[in-house]
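Comments concern the structure below.
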Amino acid sequence: MKQKIKILSVLMFIMSLQLIGQVSFDYSGVEIILEHFTENQDNVEKIANNQGYQHILLHSKKYSSNPITKDNLINSLNGKNEGFDFSQVKKRKVEYVQIIEYLKENEPEIKSEYAKLCLKYLPDDYVQKATIYYVIGGYNGIAFNDKICMNIDYEQFRKNYNEIKLYIAHELFHIGFEKYQPLPDVFKAETVKDLKEIVLSQTMNEGLATLTPYQKRIEMNEISDSDYQILLNEKALNKKINQFDSVIKYLDENIDEKLTNEILGNVLGQCSGDRLFYIVGCHTGLEIEEKFGSNKIKELVKESPEKFFDILPKK
């Protein structure tokens, strides 16, 4: 009996390592940027070939209508600010070093507490594996193909280190979600029907990523982020829900129409720019969790986004 218990304990330990032990961290992007700008080292090619910056360029190429290129990165390193703002690197060197020291010291906490938050909403067969690249410049946070880039120069991160950890939790959900749901290709959309599929997919993806650190933010009283302020304000939230419903109604009424740049800009402008993806998607996830439990969300991640929105009764 004791032997069985021992074996079971070992198996549980191995399983826990699978869940939280597959997250690693790479600081090389920040380090070579600091060398380049503060130690007079010519690291242009080294930076351009760094895995973190390569990941940013690949993300931009795949998902941006005006992608940042390697030439833009090199020009930015030479002072032209073409998609990467390195203008404050010298001034903020001490600040960046302090952030990196903090992140290195808190790696165990990030792995054990923040990295596992997304597992509450991802299927039980998901095995977490991700590399987090800390960089300076570029997008605030991006995630795909088991890689995440976090821009430590983002003002929200510099002012509050907890935000870095909470954003990592958000991005780690995206890494898991894409294992079950293909990321939509906006550039291949031809009809309004295609656009609606993109809207539902992105609202589910961004919404559940926003839900991932929701309870943790409340526990920590880290709710200054505007999305969470709206989620906790019934009047402001209802306004966003009504706006989203109007967008869906418009898409349904024009479902067979050919997609134009005007329609695309209008719809995605509201969903992304007005944060409908994040706020309405998170609220929907909260309602599903309240009514059916988090295991239902795990199930729905394997289903179509339409089922995610259809499971709740229409109001």
Taking a 1.4 Å probe, which of 65, 76, 112 shows the most accessible area, and what order do the others take after it? 65, 112, 76
Mean shadow area of the range 166-212 over all directions, Cα convex hull, nm²: 3.3 nm²
Compactness summary of the range 41-104: radius of gyration and Dmax from Cα atoms, Å, are 13.1, 36
Run through the DSSP bridge list for the chain and note the antiparallel percent, rounded to the nearest 5. 35 percent
In the structure shown, of 116/188; 120/235; 104/159; 46/216, the pairs separated by more than 26 angstrom at the C-alpha atoms are 116/188; 120/235; 46/216
Mind listing the Cα extents of the range 84-138 along all three principal axes, in Å, largest one first? 46, 25, 14
In Å², what does the accessible area per residue of the range 195-315 work out to with a 1.4 Å probe? 52 Å²
Starting from the eigenvalues of the Cα gyration tensor, five times each then square-rooted, give me the equivalent ellipsoid semi-axes of the range 86-211, largest first, whole Å. 29, 19, 11
In 10 Å bins starting at 0, how do the alpha-carbon pair distances of the range 160-287 split up by percent? 12, 42, 32, 12, 2
Given a Förster distance of 51 Å, report the FRET efficiency between residue 246 and residue 51 from their Cβ-Cβ distance, rounded to the nearest 0.05. 0.75
To the nearest 20 debye, what charge dipole does the range 254-315 have about its Cα centre, counting +1 at the Cβ of each Lys and Arg and -1 at the Cβ of each Asp and Glu? 200 debye
Largest first, how would 260, 38, 210 line up by accessible area (1.4 Å probe)? 260, 38, 210
What is the Cα coordinate range of the chain on the first, second and third principal axes, sorted by size from largest, in whole angstrom? 68, 61, 34
Using only the alpha-carbon atoms of the range 212-310, report the extent along each of the three principal axes, biggest first, to the nearest angstrom. 46, 30, 19
Counting each DSSP H run of 4 or more residues in the chain as -39500 (n - 2.57), what helix-only mean residue ellipticity at 222 nm follows after dividing by all residues, to the nearest 500 deg cm²/dmol? -18000 deg cm²/dmol
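The values are calculated or read from the model by the stated rules, or taken from the named source; none is laboratory data. For clarity, every value in this text was computed on a predicted model and none was experimentally measured. Because the Cβ atoms are built from the backbone with ideal geometry, glycine has one as well, and the counts that use them run over all protein chains shown. The area values use the complete protein model at the heavy-atom level, side chains included, leaving out ligands, DNA and RNA. Shrake-Rupley method; radii C 1.70, N 1.55, O 1.52, S 1.80 Å.
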